[in-house]
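The next block holds one structure in the form of structure tokens; read it before the comments.
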Amino acid sequence: MHNPVVRMLMITAALGGALTGCVETAPMVKPTTVVAQSDGLFVASVTNKDRDSGWLSSSKTTASFFYCKAGERESIRIDSHAFSLFPQQNDFDGHGKQSGRLVVVALAPGEYFLTGWVLHVPSGNVYTDIYPEHPTPIAFEIRPHEVLYAGNLNLDVLYSDANFGISFVSGARASGKNRSDRDLPLLYAKEQRFRDWPVRTEVPDISVLSGPGTTTETLLILRY
């Protein structure tokens, strides 16, 4: 069941991701990032399938997943597209309609939880966020000097039947899949230093995380 909530705001400027921008974004591992041998790696491809309405990240459909360390309340976000004023690279060109990136995050050893997800769907002046009403957290463990591959975490937009030729966003479909055949070679192409690290594959059951239903929130931006 979906529970649409419509919020109409009149403002002088539009900021993309208004409903999801207040959560800290995970620091991605880059070639210049120092990763301690005592740390572990969280690796997942975060993707979405949908048409984009522009090259700005604020006008791109974006899938986000959230995690936190056990005992901590603040969640951290990993996104299929980073916020940027410049065109974003799609790590998965040539792999069907998926758009997104390979997320690589260095974490201290310990227990963590996936805590939720949100799909941000822009269309003109309308921004829609879809997220689980009552997500059930999923535990995962980070171990020293080991790669935890969490699979392909994907969100697809669902549309209602077209009325007068216009379809409306009605929800999202979340899925997790083992795409190590695609994602691990990409990891090693980006970061050869982790090629010798042991890999543990644990793909979460995203249907558990999604809970019994989703909420759809729509933000209408009126520019003048």
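FYI, it's all coordinate maths here, none of it is from the lab. Source: prediction; values computed, not measured. Quick reminder, even Gly has a Cβ in these numbers, built from the backbone with ideal geometry, and neighbours come from all protein chains shown.
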In nm, the gap between the two label points placed 7 Å beyond Cα toward Cβ at D93 and A70 is 4.2 nm
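For V199 and N125, calculate 0.36 nm times their separation in residues minus their Cα-Cα distance, and state this gained length in nm to one decimal.
Stretched out fully, the V199 to N125 stretch lengthens by 22.3 nm.
Please work out how much length the chain gains when fully extended from A139 to Q37, using 0.36 nm per residue of separation minus the C-alpha to C-alpha distance, in nm with one decimal.
Answer, rounded to one decimal: 34.4 nm.
Could you tell me the ratio Rg/Rh of the range 112-160? Both radii from Cα atoms, Rh via Kirkwood. Intermediate values should be presented prior to the final figure.
Values: Rg = 15.1 Å, Rh = 13.7 Å.
Value, to two decimals: 1.10.
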Per principal axis, largest first, the Cα atoms of the range 101-204 extend in Å by 56, 31, 23
Phi-based couplings in Hz for the range 179-196 (Karplus 6.51, -1.76, 1.60; Gly and Pro marked x): 10, 4, 4, 9, 7, 5, x, 5, 4, 5, 5, 7, 9, 5, 5, 9, 4, 8
Would you please put 64-73, 149-158, 197-206 in order of how densely packed they are, using the mean number of other Cβ atoms within 10 angstrom per residue and starting with the highest? 149-158, 64-73, 197-206
Taking the simple approach of a point 7 Å from Cα along Cα-to-Cβ for both S207 and K190, what is their distance in nm? 2.9 nm
Taking H placed 1.01 Å from N in the peptide plane, check which residues at least 5 places from T128 or on another chain put their amide H under 5 Å from its amide H. V121, S123, L219
Fully extended, how many nm does the chain gain between M28 and N178 (0.36 nm per residue separation, minus their Cα-Cα distance)? 51.9 nm
